[in-house]
1. Place a +1 charge on the Cβ of each Lys and Arg in the protein assembly as shown and a -1 charge on the Cβ of each Asp and Glu, then give the dipole magnitude about the Cα centre in debye, rounded to the nearest 20.
2. In whole percent, what relative contact order does the stretch A:82-166 give with Cα contacts below 8 Å and a gap of six or more residues?
3. Quickly estimate the mean residue ellipticity at 222 nm for chain B, helices only: each DSSP H run with n ≥ 4 gives -39500 (n - 2.57), and the total goes over all residues, rounded to 500.
4. For q values of 0.13, 0.14, 0.16 Å⁻¹, compute log₁₀ I(q)/I(0) with the Debye formula on a Cα-only model of the stretch B:3-296, without solvent.
5. Can you give me the pair-distance distribution of the protein assembly as shown, C-alpha pairs, 10 Å bins, whole percents?
6. Counting partner chain Cβ atoms within 10 Å of every residue's Cβ in A:117-123, what's the average?
7. Please report, to two decimal places, log10 I(q)/I(0) for the stretch B:44-190 at q = 0.12, 0.13, 0.18 Å⁻¹ as given by the Debye formula with identical point scatterers on the Cα atoms and no solvent.
8. With charges set only on the Cβ (+1 for Lys and Arg, -1 for Asp and Glu), what does the dipole of chain A come to about its Cα centre, in debye to the nearest 20?
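Just so it is clear, none of the values below were taken in a lab; they were calculated from the coordinates. Note that the structure is predicted; figures quoted are calculated from it, not measured. FYI the Cβ positions are ideal-geometry reconstructions off the backbone, even for glycines, and counts take in every protein chain you see.
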Amino acid sequence: MLKLTCVKKTFNKGTVTEKCALTGVDLTLEDGDFVTIIGGNGAGKSTLLNMIAGVYPLDSGTVELDGHDISRLSEPKRAMYLGRVFQDPMRGTAADMQIEENLALARRRGQHRGLAWGITKQEREEYPALLAKLGLGLETRMSAKVGLLSGGQRQALTLLMATLTNPKLLLLDEHTAALDPKTAAKVLELTEQIVAERNLTTLMVTHNMNDAIRLGNRLIMMHEGNIIYDVRGEEKKALTVPDLLQKFEEVSGGELANDRMLLS
Amino acid sequence: MDIAFMGAVSQGVLWGIMVLGVFVTYKLLDIADLTVDGSFALGGCVCAVAILSGCDPIVAVLAATAAGALAGAVTGLLHTLFEIPAILAGILTQISLWSINLRIMGKSNTPLLTSPTVFSRASELTGLPQSSIAIIVGVVVAIIVVVVMYWFFGTEIGSALRATGSNEHMIRALGVSTAKTKVIALTLSNALVGLSGGLICQSQKYADIGMGTGAIVIGLAAIVIGEVLGRLTPGKLTGFKSRLISAVVGSVVYFLIRAIVLQMGMDANDMKLLSAIIVAIALCVPVVWEKYQQRSSYSKGGEANA
């Protein structure tokens, strides 16, 4: 269970570029919740995920995971609980290292890393079967450098890496936004499949309103650093894109800041 | 073989250990660590003073290694804990080591004329002349270092260290403190540099305050030469083990080139200029080549590449 209490974050405090990114977010996720997050540019979606992951220190408020307060833990310390996939496909994998080496790094997420072998023989035998599930033919290229893969392949690999050790929480930050439509659909399909199979608690930022409605059991809309709309279950299933647009106009006073939301 | 070239090979191998240190920071971590100039001389100074104070030559080499490691750790902490850019952190340590090295030796040059060294010991033991023993000792130490490095960078922490150089964001998201891995890498790297400095000091039988000047450029030049040789070799030696070996080979080739141009009558002081030119050319060629390819692949109508 994830519980955020009054989480605040302001960037560049006291300067002309001061930006209040989160204005006191309260959010509780039950185990197994799959929450999609939408909102305009600068609404605080990515910042919210980054605060949970510990990328920046909190200004105030608390982040609790399974009853433990992780607000003051550093990013690497929190990593043992979290699986993360980023918008930039280059960001989630090490280009200069082999596919199997990347998986082995992910397998040890949050564990002590000592002088044992970085990848064991047993792992080398296990990984091809896991990669085969992605259906991208990567299982025959275990020792290829990740830098040789396409963006979509890298993103699928990152997704597999993020979920390799069952994380308490999966954070997906517009992870299909940089992919072409066909590849994006494939990665999204894999996401659904993995999340459902493992019943992972998931937060997914997206700019695609159709995806936001179709996927998950709960939808959150953010605006100017806070949650302005939170809908779940049957009510969410009944939503349509025009409903969301109207809702957005109601609370934000008319303008829709993110053109991409309209286009997709 | 000509004695000058024997000397060049032994120097190349012994400096090659420093090149392996530079390889860790420059190639694996993607940092040009300028500590090297200082920590190389530090290794030499510590080694000389240790031998003169009656230490066993092997203990003196270990002391040089430890001193180098400490210097690397200082740069690492400046860089990670206080977020000083890596280049500047290296420069700060390097400059401070100049004064520290003078303090350690008490003067700018310490000769070891009659003192025992690892080389004189090995020479007594085997009965081989000192010129060839230097090569043998150097090769043995270099092999040990390469094997240990190959093992270490295959371990969990070693892999995390390589990943730090490849993608910091990713490895942090996987629970690794990149501050820690960077400090470890800089420490290890400069330990090797200190070790090399200690061995060079014993082979040339003196330590000098200026012995490390330009070491980083020699390191980069050797790595670059090694890479080119590796790529030219049939079978494209680009695996990790061959990259380590070609770094040492690159160092030997560098010192052979040096010996040749010196024999041809070049002023020894111009060698640093030549090293800088080698590195600059090596860094320029890929960029110029890519620009040339981009320009030459352009065609007005687009029919050429259609």
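1. Details: 50 positive and 49 negative charges, 208 e Å.
It comes to approximately 1000 debye.
2. Values: 92 pairs, mean separation 42.7, N = 85.
Contact order relative to length: 50 percent.
3. Values: 12 runs with 227 residues, N = 306.
Using -39500 (n - 2.57) per qualifying helix, the result is -25500 deg cm²/dmol.
4. -0.89, -1.03, -1.32
5. The distribution over the protein assembly as shown is 3, 15, 22, 20, 16, 12, 7, 3, 1, 0, given as percents.
6. Details: counts 6, 12, 4, 0, 0, 0, 0.
Shielding by partners across A:117-123 averages 3.
7. -0.67, -0.76, -1.11
8. I would put it at about 800 debye.
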